1. Could you work out how far helix 22-34 tilts from the main Cα principal axis of the chain, as a 0 to 90 degree angle to the nearest 10?
2. Dipole of the chain (Lys/Arg Cβ +1, Asp/Glu Cβ -1, origin at the Cα centre): which of Gly176, Ile98, Leu45 lies farthest to the positive side?
3. Against the longest principal axis of the chain, how steep is helix 93-122, in degrees 0 to 90 to the nearest 10, with axes from Cα atoms?
4. Run the accessible area of the range 52-128 with a 1.4 Å probe and give the carbon-and-sulfur part as a rounded percent.
5. How much accessible area per residue does the chain have, counting only protein heavy atoms and a probe of 1.4 Å, in square angstrom?
6. Please work out the Cα convex hull volume for the range 110-202 and give it in Å³ per residue.
7. Just to be sure I follow the definition: excluding the sites themselves, where is the longest run in the chain that has none of the GluC sites (Glu not before Pro) in a DSSP loop with at most 11 other Cβ atoms within 10 Å?
8. With charges set only on the Cβ (+1 for Lys and Arg, -1 for Asp and Glu), what does the dipole of the chain come to about its Cα centre, in debye to the nearest 20?
Amino acid sequence: MSTKQQERQQQREQQPTLPSLGFRGTLRFIWNQLTSMRTALMLLLLLAVAAVPGSLFPQRRAGADVVETWIQDNPTIGPILDALGMFDVYSSAWFSAIYLLLMVSLVGCLWPRGRQHLKTLRQPPARTPRNLKRLPEYGRLVLEADGPTPDQALKDSQQILKKAGYRTELRDGSVGAERGYTREIGNILFHFGLLGVIVFMG
């Protein structure tokens with residue numbers, strides 16, 4: 001065996017072997033891909049594109065006679081378009097499949113996301129780090145003798161943080177504060193509103 005063949009064999013032996021997903025792992029992977037926000041946006045775009053033929057060709061729901069007249073006037077392409085469901089776009093199998101996949105994707109994405117956010121809202125703010133000197137915004141303030149007491153200073157800082165929109169909690173001689181949840185609530189409500197519009201249109 002030549003040196004190059006030995007090197008190739010060593011490289012093959014060193015390459016890690018990936019574990020097989022199995023049936024359940026494959027289903028979980030497909031579900032994770034389907035319920036991702038990227039897939040939901042792609043399906044929404046695909047649904048918009050799929051709805052275009054409904055505005056280009058006459059639909060049987062609006063008038064069956066108009067559709068039959070259009071097919072008679074276009075004997076070559078008319079039957080082909082009819083077989084593809086272009087005259088019944090919104091009740092066709094392919095449009096319904098995209099619609100249902102979008103519904104499943106949105107529900108599967110928003111439901112756990114909403115539950116996790118609700119769970120986060122119920123939890124108190126994170127504890128203050130023990131070693132504040134490691135933080136880049138670390139600062140030190142020395143209270144004067146005639147100034148507020150440490151407890152009063154903590155309460156005052158808590159009030160200031162609350163006015164700035166933080167969720168606060170006073171514990172262990174420090175003030176824990178967090179914010180940024182309103183933006184996520186607005187994002188979730190927007191997507192639930194979008195889901196409601198899709199259900200209403202369906």
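The values are calculated or read from the model by the stated rules, or taken from the named source; none is laboratory data. Quantities reported herein were computed from a predicted structural model and do not represent experimental measurements. Neighbour counts run over all protein chains shown; Cβ positions are idealised from the backbone, glycine included. The area values use the complete protein model at the heavy-atom level, side chains included, leaving out ligands, DNA and RNA. Shrake-Rupley method; radii C 1.70, N 1.55, O 1.52, S 1.80 Å.
1. Between the helix axis and the principal axis of the chain, the angle is about 90 degrees.
2. Gly176
3. 10 degrees
4. Working: 3090 of 4860 Å².
Carbon and sulfur: 63 percent of the exposed surface of the range 52-128.
5. On the way: 15750 Å² over 202 residues.
In whole numbers, the chain has 78 Å² accessible per residue.
6. Once divided by residue count, the hull of the range 110-202 is 125 Å³.
7. Values: sites that count: Glu137, Glu144.
Answer from the scan: 1-136.
8. Values: 24 positive and 16 negative charges, 226 e Å.
Using Cβ point charges on Lys, Arg, Asp and Glu, the chain gives about 1080 debye.
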